[in-house]
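Undergrad: Sending over a structure as C-alpha cells; questions will come in a sec.
The values are calculated or read from the model by the stated rules, or taken from the named source; none is laboratory data. A quick note: this is a predicted structure, and the numbers were derived from the prediction, not measured. Positions of Cβ are generated from backbone atoms using ideal geometry, with glycine treated the same way; all protein chains shown enter the neighbour counts.
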Amino acid sequence: MLSYQHIFHAGNHADLLKHSVLIQVLEALNKKEKPYTFFDTHAASGLYDLKDNRSLKTGEATKGIVQFADKADMPQAFADYVTFVQKYLKDSLYPGSPEIERSFMRKQDTLILSELHPQEIENLRHNMKKSEDGQPEIQIHNRNSWEMLKALTPPATKRGAALIDPSYEEASDYTIAADTICAVHKKWSNGIIMLWYPLLAHRQSEIGGMINQITNEARSQNANIEIADLRLQVFDKNEHKEVSLEEFRASEGKNPPRLYGSGMLVLNAPWMLKENTQETIDYIKNAF
C-alpha cells in the first residue's frame, strides 16, 4: 500500500517512543570507533513541516512533541531526544528517522534507506542532500523494503542496526515483518533490530503472533539474547474508538487517534535501553 504519508502523524506519541529509542541505539553504536551500517526500511520523507495543512489537520504534533519542547526534569534518555528535536521545532520542522540517523552517524558509517512511495522518496532524496563534515555515506533505494533488508544483510561492517516501521495498513504486514526479521536475524545474529508496531484493539491477534514468532525464533538461536518489548499506551484500550484512516483525516482531528499506543521490539537491545525507555514511557504517560 502506498497511501500512507507520515506527515499526518509526524511528532505524535508514536514518534516520541520510536525516536527516543532510535537515538539511544545510535548513541550505543557510536561508543565504539568501528564503523557500522544502519538500515531504515520505511524511510519516508525524513523531515516534516509542522505548518503543513496535513499536520495541522490532525494536530498530532501539538499533542505530542510540541507539549514537551519546553519542559524540564525529564528522564535523561527522553531529554536527549527532546534536546535534539528542539532545533528543528524552532523552524516548525520535525526530524524523521532518516534525519536523526544522518545527524548521529559518523563519516565511517553507512546509512541505507528504502522508500517506495513516489512523492516520499523524492522528498527523501531532497532532504538527504545536505553536505556536512562527518556525514555518513547515504544510499537511497526505491525498492521493496523487505527484499532490500534480506538482500543487503549481513552488511560488510558486521556491526549495525535496522529500524523497521511499516504502515500496517494491510494485515499481511504483520506476517511479512515477522518472517523478514526472523530471516534477517538468522544470518545477522549480532545486528540490533528494532520493530515499531501499533497498538490497535482489532489487531491484537496479529500483533501477538508477530511478537511471539520473532522472540521465539530469536531465543531458539540464542537463549540469552537481550530482547526489549517496550509499549507506550496513552489511551484506554477498552474505551478507545478506532476509526479508519480516511475517517480520521476527514474529521480534521476531531475523532480520537487510531492508535491507543505503540510498541518497539528490539533484538540485541543495548545495555540499559529497557530501563531508560521505561522511565521515558512512564513520564510520557503522565503527561497525556
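Undergrad: Are there any pairs, at least 6 apart or on different chains, whose C-beta atoms fall under 9 Å, with the first in segment 164-187 and free of Cβ contacts under 8 Å to residues at least 60 places away in the same chain and under 11 Å from M210 (Cβ atoms) and the second among the acidic types (D, E) and assigned to a loop (DSSP other than H, G, I, E, B), and if so, which?
TA: Pairs that qualify, where the first residue is free of Cβ contacts under 8 Å to residues at least 60 places away in the same chain and under 11 Å from M210 (Cβ atoms) and the partner is among the acidic types (D, E) and assigned to a loop (DSSP other than H, G, I, E, B), are I176/E170.
Undergrad: Checking the conditions here, which among Y88, Y94 is closer than 20 Å to H13 by Cβ, aromatic (F, W, Y), in contact with a strand residue (DSSP E or B) (Cβ under 7 Å, 6 or more places away or on another chain) and buried (at least 23 other Cβ atoms within 10 Å of the Cβ)?
TA: Details: Y88 fails: buried (at least 23 other Cβ atoms within 10 Å of the Cβ).
Answer to the selection: Y94.
Undergrad: Residues in segment 136-150: is at least one of a type outside the set (K, R) and without any contact (Cβ under 8 Å) to a residue 24 or more places away in the chain?
TA: Pass one, segment 136-150, residues of a type outside the set (K, R): 136-142, 144-149.
Filter once more, keeping what is without any contact (Cβ under 8 Å) to a residue 24 or more places away in the chain: 147.
Yes, the conditions are met somewhere in segment 136-150.
Undergrad: Can you tell me which of (1) among the hydrophobic types (A, V, I, L, M, F, W, C); (2) under 29 Å from I281 (Cα atoms); (3) not in a loop (DSSP other than H, G, I, E, B) is the one M74 doesn't meet?
TA: Only one criterion is unmet by M74, namely (3).
Undergrad: Condition (residue is more than 27 Å from L267 (Cβ to Cβ), in contact with a Ser or Thr (Cβ under 8 Å, 6 or more places away or on another chain), aliphatic (A, V, I, L, M) and not in a loop (DSSP other than H, G, I, E, B)) applied to segment 19-39: is it met by at least one residue?
TA: no
Undergrad: Can you name the residue in segment 43-71 that is part of a loop (DSSP other than H, G, I, E, B) and touching a strand residue (DSSP E or B) at 6+ places or on another chain (Cβ under 7 Å) and is also surrounded by the most Cβ atoms within 10 Å (Cβ to Cβ) among such residues?
TA: Our first condition is that a residue be part of a loop (DSSP other than H, G, I, E, B); within segment 43-71, this holds for 43-46, 50-52, 59, 64, 69-71.
Going one step further and asking which of them are touching a strand residue (DSSP E or B) at 6+ places or on another chain (Cβ under 7 Å), we end up with 43, 50.
Working: A43: 31, L50: 20.
Filtering first and then ranking leaves A43.
Undergrad: Continuing with the same structure: Is there a residue in segment 102-121 that is under 29 Å from D282 (Cβ atoms), in a helix (DSSP H, G or I), under 20 Å from the mean Cα position of the chain (by Cα) and modelled with pLDDT of 90 or more?
TA: Yes - at least one qualifying residue is present in segment 102-121.
Conditions (1) modelled with pLDDT of 95 or more; (2) more than 19 Å from W271 (Cα to Cα); (3) of a type in the set (A, V, I, L, M, F, W, C), marked per residue:
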site	(1), (2), (3)
Y174	yes, yes, no
D179	yes, yes, no
A183	yes, yes, yes
G191	yes, no, no
A201	no, yes, yes
N224	yes, no, no
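Undergrad: List every residue pair whose Cβ atoms lie under 6 Å apart, where the two residues are 6 or more positions apart in sequence or sit on different chains, the first residue falls within segment 99-115 and is farther than 18 Å from H42 by Cβ, and the second residue, located anywhere, is assigned to a loop (DSSP other than H, G, I, E, B) and of a type in the set (S, T, Y).
TA: Every condition considered, the pairs that remain are D109/Y36.
Undergrad: Another one. Which residue pairs have Cβ atoms under 7 Å apart, sit 6 or more places apart or on different chains, and have a first residue in segment 205-216 that is under 17 Å from L230 (Cα atoms) and a second that is among the small types (G, A, S) and part of a helix (DSSP H, G or I)?
TA: M210/A177; M210/A178; Q213/A178; I214/A178
Undergrad: If you don't mind, another one. Answer yes if at least one residue in segment 72-82 is in contact with a Ser or Thr (Cβ under 8 Å, 6 or more places away or on another chain) and surrounded by 23 or more Cβ atoms within 10 Å (Cβ to Cβ), and no otherwise.
TA: Checked segment 72-82: at least one residue is in contact with a Ser or Thr (Cβ under 8 Å, 6 or more places away or on another chain) and surrounded by 23 or more Cβ atoms within 10 Å (Cβ to Cβ).
Undergrad: What single numbered condition from (1) under 21 Å from K129 (Cα atoms); (2) at pLDDT 95 or above fails to hold for Q76?
TA: So the condition that Q76 fails would be (1).
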